[in-house]
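Scroll down for the structure; my scribbles are underneath it.
The values are calculated or read from the model by the stated rules, or taken from the named source; none is laboratory data. Predicted model only: the values in this text are computed from it and were never measured. Every residue, glycine among them, receives a Cβ derived from its backbone with ideal geometry; neighbour counts consider all protein chains shown.
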Amino acid sequence: MSSLREISILLDIAKNKGHENIVELQGIAVGKSLESIFLIMSYCEQDLASLLDNMQSPFSESQVKCIMMQVLRGLVYLHSRHILHRDLKVSNLLMSDKGTVRIADFGLARTYGLKPMTPRVVTLWYRAPELLLNAPNTQSTAIDMWSAGSILGELLAHKPLLPASPKSINSTSSLIS
C-alpha cells in the first residue's frame, strides 16, 4: 500500500512538472508478481548520510546554507501541493556531484487534509515534540519543518542533535513536558 501511495504522490509531482529539489520518478517496473513494484528515479550520486559519514571535516556554514536552501525550496513546493513528507532525514536527501539536493523516499508521505494519519512517523531523532507527546492535530507542515531544523543542526554539528534510543526519547519527552 505504501508503494502505491508513493507512486501516486510522485506521479502528482511529475504531472505538475516536478521540482528541481524533489527526486524525479522516471518509470515504474513490475516484477514477476504484482507485489514486486520498482520505482525508477533520477540518478543522484549519494545521499547526505553517506556523505557525512565519509567526510574528513564538516560542511562549511556556506555549504550548509546552500544545502538547506534547497531542502526548504523542496519543502515549500511539497507543502504548496499539500504533501507532507513525514520522514525527512539526511539519508532521504540525495545530492548530485554538481551539488543539487533532492528530497527522496516518499514511502511515508501523505496528502494532508484527508484521513487521519498515524503519529508514528519520522525517524526518532527527527521527530517533532508534538509527535513524541502524542499531541492532537499533529499532522501539519510543522513536522517537516522540525525535521528540517534537525537536519540543519546535524549538518553543522556533523552528528545527530538528538541521537535516538528509547532512553534518549524518554529523556526528551520528559524535558519537553
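Comparison of VAL23, VAL101 shows that the only residue that is under 20 Å from LEU152 (Cβ atoms) and either β-branched (Val, Ile, Thr) or out of contact with any strand residue (DSSP E or B) (no Cβ under 8 Å at 6 or more places or on another chain) (or both) is VAL101. For GLU61, the test of being exposed (fewer than 14 other Cβ atoms within 10 Å of the Cβ), at pLDDT 95 or above and either more than 16 Å from ILE7 (Cα to Cα) or among the small types (Gly, Ala, Ser) (or both) is passed. Checking each residue in segment 68-87 for being buried (at least 21 other Cβ atoms within 10 Å of the Cβ) and modelled with pLDDT of 95 or more picks out VAL71, GLY74, LEU75, LEU78.
For the residues VAL76, VAL64, VAL71, the requirement of being touching a residue at least 60 places away in the same chain (Cβ under 8 Å), outside any strand (DSSP E or B), farther than 17 Å from ASP105 by Cβ and of a type in the set (Val, Ile, Thr) singles out VAL64. The set of residues in segment 1-53 that are in contact (Cβ under 8 Å) with a residue 60 or more places away in the chain and assigned to a helix (DSSP H, G or I) comprises SER2, SER3, ARG5, GLU6, ILE9, LEU10, ASP12, ILE13, LEU48, LEU52. Applying the set (1) under 18 Å from the mean Cα position of the chain (by Cα); (2) modelled with pLDDT under 80; (3) closer than 16 Å to GLU6 by Cα to LEU34 leaves exactly one unmet item: (1).
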